[in-house]
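Only one structure is covered here, and it is reproduced in the block below.
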Amino acid sequence: MSDPVTYECQQGIALITVSNPPVNALSQAVREGLHTCIARFDRDDNARIAVLIGDGRLFLGGADIAEFGLPTLAPSLPDVINRVEACDKPVVAAIHGAALGGGLEVAMGAHYRVACKGTQLGMPEVKLGLIPGATGTQRLPRLVGVPTALTMITSGQSVLSDDALRTGLIDKVVSNADMAKAGVEFAHEILNGDFSDSHTQDSLIRRTSERASPTTTEQEMGEWRTKLTISAKGEVAALKALEAVQLSTHLDFKKGVQQERRLFNELMDTPQRAGLIHAFFAERKVAGLPELAGVHPLPVSTIGVVGGGTMGAGIATSALLSGFHVTLIERNDEALQKARETIAGNLAGAVKRGKLTASKRDTIMTTQLVTQTDYRSLAEADLIIEAVFESMEVKRNVFEALDAIAKPTAILASNTSYLDIDEIAAFTNRPESVLGLHFFSPAHIMKLLEVVVAKQTRPELVATAFALAKRLGKTAVKAGVCDGFIGNRILTHYRSAADHMVLDGASPYQIDKALTAYGFAMGPYAVSDLAGLDIGFATRERRAPLSHPRERHPIFADDLYNLGRLGQKTGSGYYLYPKGSRRGIEDPAVEAIVVQARVEAGITPRLFSDEEIVRRYMAAMINEAARVVEEGIATRPLDVDVVLLYGYGFPRWRGGPMHTADDIGLAKVLKDIELFAEQDDFFWQPAPLLQRLVAEGRGFSSINPR
Ligand code: NAI
């Protein structure tokens, strides 16, 4: 293998180039190469200044995640960075593409930083349950001050070059993307004395570690702590980052770095870090389906959407924002007008969030979007996504109409939440061209896309769906056909476990609180209010003919529905939403309805601890997830994790339900299920896969690809 770091000196300027595709990760070989080249530069009497660049699409990536959890091989990254800074001749980091995590820490060890316009600079470690561990928490606040450093480190979000220049993180922005050239030009400016700032006085050497400690106040730190405690929802890394940055304000650099290492090592050992790393890898592995190897996606440029309600308008918005041409079909002009207004509102939201300019929004509305009542306008669409009412009869009419007008190469997709895609495909004479594309609400924001593969779906369609998801900025997961696919099927089950607890004595509010304290974005009853209680009611009605006599019915949910308490949209559901508020308040009337439901069902209520609530909820989720994997509805346990993380508000730092199950121990989960079965052996039937894994002493992770 060729050297990942090379050294070359011309006319007094040493060019040190890192080349470790694909992202120039700071592996042991790179660290060693950097160390050697910097030492060579120091010794090279011909070299007056060094320019450090990355080969390929970015400057330097972060640490090599493949080395995580293994003993650190010398030289360590902090040692390399300190060696760079210790040079007696100036070192310039010439950055393009991105400098993230360890990459930015190296750049901060250099004496000068120049970046190409549009470069991203950031410290994403908290997203992996860590803090910057190679001097970043001590150098960044010295360069940019405490508030900016904390914003960057605790959010993990990167900033663009212009912002980085404004805050002092870098010294110059150039438009030239050839960083060897731009770096050398900047090096000449430095040597000629054409570049100077308040930190370059007598010498050309400016060491970040020698800058004065940044300042802060008790009040500022207190405000940050309060803010982060609320937003972290049990996640510890951001609070540790706060602690580390605070240390930079009162410890000298060396002591600060020692403390940073201590905090970093503490985090390295936490289950949260393991959960976040699992989530990170699961997201990358989820598209790696062996059956798609060598299968090429079909071209898609025009997308048809049938139905412009909540989902249709959201899907159209998502496609428009990604540059597709969209033709949207509704039943009549009034519904079309409403759909246009919803899309315009969604785009206005994107403008407000800074994702889109106002003029681009106007162009999208006038040039990319066509709304029509006539299905024939879909004749040229490459992909048509149906998002009409959740009724097989309505879907039949739509798919028969689409079959009559769509071009032979068109892909026909349904956004159904639960219905049988094989049955829908059979409404057409081209079942091989039909699949499910299950978006989540709000479709222009939620990242998950379940790609539901029916019996006859051609592999090219699946490849196209994965390519589409990428263009839409979403994460696709392959699912098989069953009632609710991966996510909604598992949801139905754990949701029932919650309803059973309400019937048996827990209040919906206690359940929501216990689960949000566990880390879920929302509790199940707040979710019902958001989605609308009519959705759950319609699902129960649809399933009623198939329902088993031993299934327990959530009478209280029907009662609320019958009272017109449909959730946020009617101002009341499980919670009250006075004056259009989106924050629900508890309502004693609901407690009374629940009490009445228990009386009707002849149940004597008992107390539930928060711990038992979580145990039951998780056991139900894991048990059904095991069935979903065993039946091949989800390809691997990691697919379930990605679905729950991206579509159902599962706490990312817990890694997903299958990872959590391994963490708890499958034997313990099975024991819980057997215990709960003593009261209800119909609902709590252990999944055979779970039993088998326990018998073999294995975890779900043993089924995941390595
Ligand atoms: P919605 O009731 O908001 O919208 C349905 C729209 O379809 C209405 O605007 C209606 O006028 C239109 N429509 C009905 N028949 C039509 C026809 N023959 N031709 C053209 N337009 C027609 O319903 P929503 O919530 O958007 O759901 C649509 C589909 O998406 C359903 O299958 C649902 O299960 C699924 N879904 C819903 C999610 C949600 O959170 N609301 C999430 C994921 C999937």
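The values are calculated or read from the model by the stated rules, or taken from the named source; none is laboratory data. What you see is a predicted model; the values in this text were computed from it and never measured. So basically every Cβ, Gly included, is an ideal-geometry build from the backbone, and we count neighbours across all protein chains shown. Heads up: the accessible areas ignore ligands, DNA and RNA and are worked out on the full protein's heavy atoms, side chains in. Shrake-Rupley method; radii C 1.70, N 1.55, O 1.52, S 1.80 Å.
Here are some notes:
- Matching residues in segment 51-66 - criterion: being of a type in the set (D, E, K, R) and open to solvent by less than 60 Å² (accessible area, probe 1.4 Å): D64
- Here R706 passes the criteria (1) modelled with pLDDT of 95 or more; (2) within 30 Å of E291 (Cβ to Cβ) except the one numbered (1).
- Being open to solvent by 20 Å² or more (accessible area, probe 1.4 Å), among the β-branched types (V, I, T), away from the ligand (no atom under 16 Å from the Cβ) and assigned to a helix (DSSP H, G or I) is a property that V590 lacks.
Residue-wise test of (1) within 13 Å of E386 (Cβ to Cβ); (2) touching a helix residue (DSSP H, G or I) at 6+ places or on another chain (Cβ under 6 Å).
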position	(1), (2)
A401	yes, yes
A410	yes, no
E432	no, no
F439	yes, yes
P442	no, yes
G473	no, no
V477	no, yes
G480	no, no
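- The helices (runs of 4 or more DSSP H) found wholly in segment 520-573 and carrying at least 1 residues that are within 13 Å of the ligand (Cβ to nearest atom), open to solvent by less than 40 Å² (accessible area, probe 1.4 Å) and among the β-branched types (V, I, T) occupy 533-543.
- Some residue of segment 117-135 being open to solvent by 30 Å² or more (accessible area, probe 1.4 Å) and at positive phi: yes
- Qualifying residue in segment 26-45 (condition: farther than 15 Å from A93 by Cα, free of Cβ contacts under 8 Å to residues at least 60 places away in the same chain and touching a Cys at 6+ places or on another chain (Cβ under 7 Å)): yes
- Listed by first and then second residue, the pairs linking a residue in segment 303-314 that is assigned by TED's automatic domain parsing to the domain that holds S377 and under 14 Å from H444 (Cα atoms) to a residue that is part of a strand (DSSP E or B) and open to solvent by 10 Å² or more (accessible area, probe 1.4 Å), with Cβ atoms under 9 Å apart and 6 or more places separating them unless they lie on different chains, are V305/T327; G308/T371.
- Only one entry in E380, E390 is open to solvent by 50 Å² or more (accessible area, probe 1.4 Å), outside any helix (DSSP H, G or I), within 29 Å of D483 (Cα to Cα) and not hydrophobic (A, V, I, L, M, F, W, C), namely E390.
- Among the residues making up segment 417-457, those that are of a type in the set (V, I, T), buried (at least 24 other Cβ atoms within 10 Å of the Cβ) and within 14 Å of the ligand (Cβ to nearest atom) are I421, I424, V451, V452.
- So R40, is it surrounded by fewer than 16 Cβ atoms within 10 Å (Cβ to Cβ) and not in a loop (DSSP other than H, G, I, E, B): yes
- Output for segment 480-508, where each listed residue is over 30 Å from V462 (Cα atoms) and open to solvent by less than 30 Å² (accessible area, probe 1.4 Å): A497, A498, D499, H500, M501, V502, L503, G505, A506, S507, P508
- Residue in segment 496-508 that is in a helix (DSSP H, G or I) and out of contact with any helix residue (DSSP H, G or I) (no Cβ under 9 Å at 6 or more places or on another chain) present: no
- Those residues of segment 22-81 which are in contact with a Phe, Trp or Tyr (Cβ under 8 Å, 6 or more places away or on another chain) and charged (D, E, K, R), in sequence order: R40
- Pairs, first farther than 20 Å from D680 by Cβ in segment 494-516, second outside any loop (DSSP other than H, G, I, E, B) and of a type in the set (S, T, Y), C-beta under 6 Å, six or more apart: D512/Y525
- Restricting segment 332-345 to residues that are under 20 Å from F439 (Cα atoms) and small (G, A, S), the residue that is farthest from the ligand (Cβ to nearest atom): A344
- Residue count for segment 359-377 under the criterion of being part of a helix (DSSP H, G or I) and within 10 Å of the ligand (Cβ to nearest atom): the result is 1.
- Number of residues in segment 70-98 that are within 14 Å of T208 (Cβ to Cβ) and small (G, A, S) equals 2.
- If you filter segment 302-331 down to residues that are under 26 Å from the mean Cα position of the chain (by Cα) and surrounded by fewer than 17 Cβ atoms within 10 Å (Cβ to Cβ), you find that the one that is nearest to the ligand (Cβ to nearest atom) is G309.
- Qualifying residue in segment 402-415 (condition: without any contact (Cβ under 8 Å) to a residue 24 or more places away in the chain, near the ligand (Cβ under 10 Å from one of its atoms) and either in the same structural domain as D374 (by TED's automatic domain parsing) or in a strand (DSSP E or B) (or both)): no
- Segments classed as helices (runs of 4 or more DSSP H), wholly inside segment 112-187, with at least 1 members that are within 30 Å of G275 (Cβ to Cβ): 136-144, 146-155
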